[in-house]
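The values are calculated or read from the model by the stated rules, or taken from the named source; none is laboratory data. Owing to the predicted nature of the structure, the values given are computational and were not obtained by experimental measurement. Cβ sites come from the backbone with ideal geometry, for glycine too, and all protein chains shown count toward neighbours.
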Amino acid sequence: MAAVLGLEDAALEEACARVDAGVCVPANFNSTGQIVVSGDVAGVEQGMALFAEAGAKRVVPLNVSGAFHSPLMEPAARGLREKLDALDLRDPAYPVFSNVTAAPVTSAARARELLVAQLTSPVRWAASVSAMVAAGVDRFLELGPGSVLCGLNKRNAKGFPCMSLGEPDDIQAFQE
């Protein structure tokens, strides 16, 4: 995987389409001008050169353990599908926005489909945040370690509060 900074979505997608040494696909549309690509080593390396030629300000290889959000995750998607099919999922009480579609999900069946698709599809974070703001969301909570999403939201949802709750103590303090 590699982070590509300062290149428009269309230019990045065009460069990915020119990769013929392997797989290189958009994996995370984090914010305007910040996209992560995924694939096999040869494909991503060729893509990195093409992104630089296309005018990317910076291309940074990422030290990751897999080709996340790419077609190369299909074997994992099959396994996840089997596990999810064995669960009794219920419709969410509130709409949950999918990073695959950047749209709200209100049924368990659709959520199951999109959870599987998430493994092989790009994360549309910037579009998801825009859709949430358009739907009336007025603040964001990031659950889990780190504060990457709150950092991205400084660009995606300017002026909207975002709080990172990475530790049990953070959640407890938030509830009080």
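A few notes on this one:
- Qualifying residue in segment 166-175 (condition: within 28 Å of MET73 (Cβ to Cβ) and either modelled with pLDDT under 95 or crowded, with 16+ Cβ neighbours inside 10 Å (or both)): yes
- Residues located in segment 34-58, provided they are within 23 Å of LYS158 (Cα to Cα) and crowded, with 17+ Cβ neighbours inside 10 Å: GLN34, ILE35, VAL36
- Among the candidates PRO61, PRO92, PRO71, PRO161, residue that is touching a residue at least 40 places away in the same chain (Cβ under 8 Å), surrounded by fewer than 16 Cβ atoms within 10 Å (Cβ to Cβ) and more than 16 Å from the chain's Cα centre (by Cα): PRO61
- Filter result for ARG112 (basic (Lys, Arg), touching an Asp or Glu at 6+ places or on another chain (Cβ under 9 Å) and surrounded by 16 or more Cβ atoms within 10 Å (Cβ to Cβ)): yes
- Of residues in segment 98-150 being in contact with a strand residue (DSSP E or B) (Cβ under 6 Å, 6 or more places away or on another chain) and part of a loop (DSSP other than H, G, I, E, B), the one farthest from ARG81 (Cα to Cα): SER147
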